[in-house]
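Quick notes on the structure that follows.
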Amino acid sequence: MMKRTGQINIRGAAALVAGLMLALVSAGCSESQANKMQENKTIRPVKAVTLCRPGENTAWRFPGTVRSLRDVDLSFRVGGPVVTLAVDRGEKVQKGDVIARIDPRDFEVAVATLTANLAVSRAQLKEAELQYRRYKTLRAESAAAQATFDSITATYEVAGASVDAAEKRLEEAKNSLDDTVLIAPFDGYVHEKFIENHETVAQGQPVISIVDLDHMEVEVAIPEGMLPIVKRIGGIACRFDALPGETLTATVKELSKNPNPSNRSYPLYLTLNENAGHRIRPGMASEVTLTARDLEAGFAVPETAVVNTVEDGSFVWVVDEKEMAARQVSVELLGADRKGLRIDGPLEEGMQVIAAGVRGLSDGRKVKVLPEVSSTNVGGEL
């Protein structure tokens, strides 16, 4: 009996130990799950950076030269003695104003003579037409020889051609008479006067130059190797010695396709956006600052934002703004620069990447984003 009772006690002890172990395991699992649930309920404070398109503004400075958008030398299309020169240097002129006149008398005589010649030619045409109609009828009735009709027809055609030629000569003479008056083609200022009144000028000889001071441009020489920046120009600032302390903005008008053969630079023409009140003139020097964006791949983030593990490789924690939770996103490291690490992956501009407080994060962990950390996040501290 004593032996059997011993066996029963041993079996009971074993069952008790097994029960206790099962209870401890169950309690441990429950505690682990509870801790995990509690962890997910705990909001983790973090700091994050907002992703923006790569690149930054870089400025280049070039010397420039002021030009007028409209700057012309006016000349007569005919030659002769000038009898009127109604403007002087610096004088404002309006479109349509009379600038100068050439003595019109010879041109008036030519118009009168050609007008008379045209009248004679028209009279001859009228007589030739009457003869042509008469002989056309006679020829139809076989009452006139074919040779005679052919001669009358030729005379009629020559008379018609003579009228056409006379009309064209008269038109040219009238145009020449009109060209004895020099008219301002647009509003502007007299920049230079090349002759004086009563001088005799030749056809095409410059008389005055007119500039439009209300619309100016600046010419800049762009080196061949820097042509790609032209398409990325975001801002243009122009400074002038004549306007101390002032800066005028400009926009790109055009880039010349023809380089300067002496230095292989390309003229870039910039239109000034503001009216300088006629304080800058053609030929003045300008300092032009062109601001353009650098083009770089990927997004720049602080080094502390990128996590590297054997199992998952490189990844970052992105804030799910709807759930306010951390989401793991795999990335590719492209390199490093003064801004931090440059990464690429399924990222978009505007996303928030956690840069401080990443240690111990898990996918889905609730987070609270504190004021944004600097791009360097020195020390990685919150």
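Values quoted throughout were computed directly from the atomic coordinates according to the rules given, and no laboratory measurement underlies them. In this text the structure is predicted, and so the values were computed from the model without any measurement. Please note: Cβ atoms are built from the backbone with ideal geometry, for glycine as well, and neighbour counts cover all protein chains shown.
Computed from label points 7 Å out along Cα-Cβ, the spacing between Arg169 and Ser362 is 10.9 nm.
With a simple spin-label model that places each label point 7 Å from the Cα along the Cα-to-Cβ direction, the separation between Thr271 and Gln94 comes to 2.6 nm. Size estimate for region 104-179 follows the Kirkwood approach: the inverse of mean 1/r over distinct Cα pairs works out to 13.8 Å.
Applying 1/(1 + (r/R0)^6) with r as the Cβ-Cβ distance of Asp214 and Asp320 and R0 = 35 angstrom yields a FRET efficiency of 0.05. In this structure, the residue pairs whose Cα-Cα separation is over 27 Å, taken from Lys92/Lys174; Lys126/Lys168; Lys95/Lys168; Lys47/Lys322; Lys126/Lys174, are Lys92/Lys174; Lys95/Lys168. Over what distance in Å are the Cα centres of region 213-283 and region 102-143 separated? So the two Cα centres are separated by 61 Å.
At 0.36 nm per residue, and after removing the present C-alpha to C-alpha distance, how many nm does the segment from Thr247 to Met226 gain when stretched out fully? Can you show the working numbers first?
On the way: separation 21, 0.36 × 21 = 7.56 nm, distance 2.38 nm.
Contour length minus Cα-Cα distance gives 5.2 nm.
Backbone geometry of region 194-208 corresponds, through the Karplus equation with coefficients 6.51, -1.76 and 1.60 at θ = phi - 60°, to 3J(HN,Hα) couplings of 9, 9, 10, 4, 6, 6, 9, 10, 8, 4, x, 6, x, 9, 9 Hz, x marking Gly and Pro.
Please report the net charge: other residues with Cβ closer than 14 Å to the Cβ of Lys257, K and R +1, D and E -1.
For residues surrounding Lys257, the net value is 0.
Counting beta carbons within 10 Å around each of Phe76, Phe194, Phe149 and listing the fewest first gives the order Phe194, Phe149, Phe76. Going from the residue with the fewest nearby Cβ atoms within 10 Å to the one with the most, Met324, Met284 rank Met324, Met284. Mean separation of Cα pairs under 8 Å and 6 or more residues apart, divided by the residue count, gives region 104-179 a relative contact order of 52 percent.
Distance between the pseudo-spin-label points of Lys136 and Val310 (7 Å out from Cα toward the beta carbon): 11.2 nm. Packing here is the average count of other Cβ atoms within 10 Å per residue, and on that basis the peptides 182-191, 325-334, highest first, run 182-191, 325-334.
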